[in-house]
């Protein structure tokens with residue numbers, strides 16, 4: 001058991017929603033627009049970042065409320081309390097509290113590992129590299145909680161360096177040295193973490209039996225070195241070029257995740273929509289099992305004894321799967337040890353879920369356990 005209580009106030013179309021006594025499998029079902037994905041989005045805010053919709057905080061507050069929202073959760077029957085909220089006075093500022101004490105959102109990763117898969121991600125392999133980097137970083141964060149702090153420090157230094165490069169005035173070389181030192185330190189660590197997880201995931205996927213999901217082959221794609229000295233040298237050498245471009249053209253913010261369908265030896269972007277979806281599911285399922293072994297463990301080592309509780313949010317995951325693939329999905333999820341949250345328009349596709357499972361009917365922002 002992971003999440004044992006969830007409370008939403010003025011969040012999207014949920015004026016006052018409370019869920020108690022969750023199960024390892026939790027299914028939210030109801031008509032389109034009832035508010036099922038809104039519950040998943042609220043849970044995703046218990047991790048660093050902007051949530052599964054990447055929405056701004058002001059967009060999440062109910063249009064009929066006072067102007068702010070609150071999401072609160074209890075983990076392990078009250079052993080840990082996490083909360084995030086905005087106020088009408090500051091609708092764009094989201095605060096975070098851990099056991100009542102306010103802190104940075106990056107600290108949420110120390111307590112929970114949250115991963116998700118949504119229909120909006122179905123075109124992950126056909127779109128730009130930015131979405132794939134975010135996807136990979138989310139997977140890394142579920143294994144390495146310090147990744148959020150590294151990414152935040154890197155992004156801060158990158159914005160400042162880009163600002164200096166775009167300024168018509170000649171930038172102070174000493175200030176550039178300092179910024180590039182921070183970019184090199186954090187950037188090299190980001191590259192190393194991404195590349196290491198990519199290798200572990202690729203090995204875990206290769207060890208799975210063939211089918212029923214298309215097998216992807218993963219590789220970290222980028223020219224960014226994984227040592228601070230080498231990355232700092234590249235940044236320094238590229239100052240004139242970057243200044244002409246008005247932005248930094250070297251670093252992990254330019255890297256990518258390369259995915260190939262093994263059976264065809266074809267890039268994922270050139271595969272069918274169904275094949276891309278199947279490969280995405282295969283990656284998430286491999287990560288769900290890999291996640292619990294802890295950093296540095298060998299693929300297939302099995303459940304570890306004590307890493308952070310894990311939540312897996314799967315929006316409309318069963319809608320387009322045949323019974324064979326649904327059964328395989330549920331078996332793999334049961335083996336992951338994560339608490340799983342899924343949505344659908346009706347409960348029938350989830351009838352074969354392993355027990356224990358909880359079914360929640362969602363109607364116009366109200367949730368009732370069946």
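The values are calculated or read from the model by the stated rules, or taken from the named source; none is laboratory data. Just so it is clear, the model here is predicted, and its values are computed rather than measured. Every residue, glycine among them, receives a Cβ derived from its backbone with ideal geometry; neighbour counts consider all protein chains shown.
Determine, yes or no, whether residue 115 is part of a strand (DSSP E or B) and touching a residue at least 40 places away in the same chain (Cβ under 8 Å).
Details: part of a strand (DSSP E or B): yes; touching a residue at least 40 places away in the same chain (Cβ under 8 Å): yes.
For residue 115, the condition - part of a strand (DSSP E or B) and touching a residue at least 40 places away in the same chain (Cβ under 8 Å) - is met.
If residue 260 satisfies all but one of (1) closer than 28 Å to residue 214 by Cα; (2) in contact with a helix residue (DSSP H, G or I) (Cβ under 6 Å, 6 or more places away or on another chain), what's the number of the condition it fails?
Every listed condition holds for residue 260 apart from (2).
Could you grab me the full set of residues in the range 118-140 that are outside any loop (DSSP other than H, G, I, E, B), modelled with pLDDT of 95 or more and touching a helix residue (DSSP H, G or I) at 6+ places or on another chain (Cβ under 6 Å)?
The answer is 136, 139, 140.
Do any strands (runs of 3 or more DSSP E) entirely within the range 287-370 hold 3 or more residues that are closer than 16 Å to residue 25 by Cβ and either within 24 Å of the chain's Cα centre (by Cα) or at pLDDT 85 or above (or both), and if so, which?
Working: elements: 310-314, 339-344, 357-363, 366-369.
So the answer is 310-314, 339-344, 357-363.
Quick one: which strands (runs of 3 or more DSSP E) sit completely within the range 5-80 and have at least 2 residues that are closer than 14 Å to residue 368 by Cα? Before the answer, list the steps.
Numbers: elements: 14-20, 25-29, 70-75.
Filter on the range 5-80 gives 14-20, 25-29.
Is it fair to say residue 152 is out of contact with any strand residue (DSSP E or B) (no Cβ under 8 Å at 6 or more places or on another chain) and over 21 Å from residue 233 (Cβ atoms)?
Values: out of contact with any strand residue (DSSP E or B) (no Cβ under 8 Å at 6 or more places or on another chain): yes; over 21 Å from residue 233 (Cβ atoms): yes.
For residue 152, the condition - out of contact with any strand residue (DSSP E or B) (no Cβ under 8 Å at 6 or more places or on another chain) and over 21 Å from residue 233 (Cβ atoms) - is met.
Checking residue 226 against (1) in a loop (DSSP other than H, G, I, E, B); (2) touching a residue at least 60 places away in the same chain (Cβ under 8 Å), which single condition isn't satisfied?
(2)
Out of 138, 161, 194, which single residue is over 16 Å from residue 228 (Cα atoms), crowded, with 20+ Cβ neighbours inside 10 Å, touching a residue at least 24 places away in the same chain (Cβ under 8 Å) and touching a strand residue (DSSP E or B) at 6+ places or on another chain (Cβ under 7 Å)? Working first, answer last.
On the way: 161 fails: touching a strand residue (DSSP E or B) at 6+ places or on another chain (Cβ under 7 Å); 194 fails: over 16 Å from residue 228 (Cα atoms).
Only one candidate passes the filter, namely 138.
Hey, does the range 243-257 have a residue that's modelled with pLDDT of 95 or more, in contact with a strand residue (DSSP E or B) (Cβ under 8 Å, 6 or more places away or on another chain) and part of a loop (DSSP other than H, G, I, E, B)?
Yes, that holds for at least one residue.
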